[in-house]
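I have placed the structure first, in the form of structure tokens, so that the comments after it can refer back to it.
The values are calculated or read from the model by the stated rules, or taken from the named source; none is laboratory data. These figures come from a predicted structure and were not determined experimentally. Cβ coordinates were reconstructed from backbone atoms using ideal geometry, including for glycine residues, and neighbour counts include every protein chain displayed. Note: areas computed on protein heavy atoms with side chains; ligands, DNA, RNA excluded. Shrake-Rupley method; radii C 1.70, N 1.55, O 1.52, S 1.80 Å.
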Amino acid sequence: MDNNYIHRLKFAFEKTPTLFRLLSTIRSRRVGFGYSIESGEPEFHGITGRKLESHVGPLNFVSKKKPEPLTELETALLCWSACGPNGIVAGDIAGTQNLGTLMTFAGRTIPAAANDYCVDLIFTNDNGTFLYRPTHYRSKVVEIESEQDYSKITRWFQEGLIQLSKNRLDIDWAIVPGRPMGIWQYNLNKPGSTWFIPIVDVAKGMINLYFSIFEHMQWLITDDETGQPCGLEEWAKPEKLELPITQRTYEEVMLHMADYQHGMLIQNLRLAAEAIGLGCWIFGGFCEDLVLGGFRPLSNGLRFRYKVIDGKRNYIGIPKILEGFGLPSPWYKSVDDLVDRVLELKKETLALIPYQDKVEPEILKTLTQTPSEWCLKAVKSVLSYLYERYGRFPVYYSTFHSNLHAQVHHLDTDFYDKYLKKDYLTTHHREHFKIWHKGND
Amino acid sequence: MNALTIKSNSDLRRLLEQIWMSPIGLEATQDLHGGVLLEQYYNNTYIATALKTSTGWELTDGKSPKIPTMRIFYSCGACEQLAQTEDLNGFANKLLDLIGVRSIVFIPMRSTEMLLKAGFGEFAERLGLPGK
């Protein structure tokens, strides 16, 4: 490995500001190399070629610096911080209290309900569009313990990167009508920037958690339209399903659970950018259909497959790369297929065990137990009911979502010096190039 | 109410009639709307279905032909104890006790919103039941 890489990884782990210092200085900083703000000068987007309208305003600024993309190392550090491997989760749920809900013991830098990995990270930069999917293998409880382990960050990045396209996303601020990416995102997807796009599959967690809410929490899922059980009538009895919860309520709960993961990923990424001295702004409230690929020909976006049912787009995934757990889908021919796949995935828990030898055999016995026969039938029954009645699963929300993003760039300090009160930039911002780039070829 | 010993399904059916059609039972359930359907089990066997009408309850044998609003599971002498209460206060207290030891289990078969529309909120409030 390049000496510069080793030196900088060491710097990242040992010399960047403490968490509390980062929390003190962290800000959105939106103006990067090659960007502009209300300059009033005609401008064409460097990627899409669309004309950007600009009116002169009090913060008018045109960066004189050429776009400078993030390096591989900077990108690898950001991706790892966002959702990279960090070891083996503790698994300290009682073996008798639904430990089996966990889908894997492979830990990431973000927590997840049942550790279900329902969030993936995509990014787009000058080299194209990529999915960051590092290995699920873990070699030890804490993967990065000392200097010898630092290089894993780049190895996981290089080995786990899947190129989705040779091009950047074809999206910019100038898309009309309605500024679907938000009026504030003028410098979105500019050359040199890296746009991070977490993708959430809400259906995966919903199926996994059905097992828990039936077997351990006694939820009786009811149909919002009829108020009646969703194919679960035979199990509405004491000790089985006693508490009526509508399917929409359940979906809302699970959508939130997935979005929390999504939000924590973005926060990690933002903190990492601050530590490295990069500019970062996070944004939501845009039209996710545009990003996922549901508004062609305005943009191709990420080219997710989708099916329109009752006027709603259900994004089902990308074949062979991000195959979602919703229905209908080309990759699951039936409810049985879908449930079997989730149960198959859960066997990953057996590959990494966090427990000491003295309890391992008993825990393994717990983990190898399949859901009870009635519970398995109930999960298949609720899914069959919903799919037959509504023609889709999830019923109320798309399988995939992506509604909180971050763009990271090299900061143009000239803007901050020209218009902002002092102290908006730390020494880590001002010395970024000296620390992270000097000596690069 | 006179106590009865349950020896057969028909004994239980008579006891259920006594509970629900008695003045106390009618007073207790006066807030439930017409059309509310209770499916009544004893030791996990379908015994009777009680349909709320404008004047009271209409009991029929066996399982409900359609999905009920509420299932009630009785066990361990719960019916007898409920039938022996003498006023609404006693009825409510006994019901709470029986729910507490799970000798009576109510399983709602509709969403909370539908149950509230059917008057179960007022029913629970009148009897001081949890979840009112």
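Tabulated data
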{"read-out": "Heavy-atom accessible surface that B and A bury in contact, both chains counted, 1.4 Å, Å² to 100", "value": "1300 Å²"}
{"read-out": "Distance from region A:1-80 to region B:70-132 (C-alpha centre basis), Å", "value": "63 Å"}
{"read-out": "Peptide-level mean, for B:110-117, of C-beta atoms on other protein chains within 10 Å", "value": "6"}
{"read-out": "Whether region A:3-438 is rounded, prolate or oblate, judged on the alpha carbon gyration tensor where a/c under 1.5 counts as rounded", "value": "oblate"}
{"read-out": "Anchor A:K307: aspartates and glutamates whose Cα lies under 20 Å away (excluding residues fewer than 8 positions away in-chain)", "value": "A:D201, A:E251, A:E288, A:D289, A:E323, A:D337, A:E388"}
{"read-out": "Charge-dipole axis of the protein assembly as shown as Lys and Arg at +1 and Asp and Glu at -1 on Cβ define it, positive-most pick from A:I122, A:Q228, A:F415", "value": "A:F415"}
{"read-out": "Ordering of A:319-327, A:192-200, A:286-294 by packing [mean C-beta count within 10 Å, highest first]", "value": "A:192-200, A:286-294, A:319-327"}
{"read-out": "Chain A, accessible surface, carbon-and-sulfur percent (1.4 angstrom probe)", "value": "52 percent"}
{"read-out": "Qualifying GluC sites (Glu not before Pro) in region B:41-89, DSSP loop, other Cβ atoms within 10 Å at most 12", "value": "B:E86"}
{"read-out": "Peptide A:230-240, shielding by other chains (average Cβ, 10 Å cutoff)", "value": "3"}
{"read-out": "Hits among aspartates and glutamates - C-alpha to C-alpha of A:K10 under 17 Å, sequence gap 8 or more where chains match", "value": "A:D2, A:E72, A:E74, A:E143, A:E145, A:E147, A:D149, A:E274, A:E431"}
{"read-out": "Accessible area per residue in Å² at 1.4 Å probe, computed on the protein assembly as shown", "value": "45 Å²"}
{"read-out": "Cross-link partners of A:K66 among aspartates and glutamates (Cα-Cα below 12 Å; sequence separation of 8 or more within a chain)", "value": "A:D412"}
{"read-out": "Helix runs (DSSP H) in chain A reaching 15 Å along axis by Cα, Kyte-Doolittle at least -0.5", "value": "A:72-83, A:202-215, A:247-276, A:335-346, A:373-390"}
{"read-out": "Volume of the Cα convex hull of region A:234-345, divided per residue and given in Å³", "value": "199 Å³"}
{"read-out": "Residue-averaged 222 nm ellipticity for chain B, from DSSP H runs of 4+ at -39500 (n - 2.57), nearest 500", "value": "-11000 deg cm²/dmol"}
{"read-out": "For residues of A:222-229, the mean tally of beta carbons on other chains within 10 Å", "value": "6"}
{"read-out": "Loop-located GluC sites (Glu not before Pro) in region A:68-157, at most 11 other Cβ atoms within 10 Å (DSSP)", "value": "A:E145"}
{"read-out": "Mean Cβ count within 10 Å, highest first, over the residues of peptides A:162-172, A:406-416", "value": "A:406-416, A:162-172"}
{"read-out": "Charge dipole (debye, nearest 20) of chain B; +1 at Cβ of Lys and Arg, -1 at Cβ of Asp and Glu", "value": "420 debye"}
{"read-out": "Cross-link table A:K166/A:K333; A:K152/A:K434; A:K240/B:K66; B:K66/B:K94, entries beyond 22 Å C-alpha to C-alpha", "value": "A:K166/A:K333; A:K152/A:K434; B:K66/B:K94"}
{"read-out": "Point-charge dipole on Cβ atoms (K/R +1, D/E -1) for the protein assembly as shown, about Cα centre, debye to 20", "value": "1460 debye"}
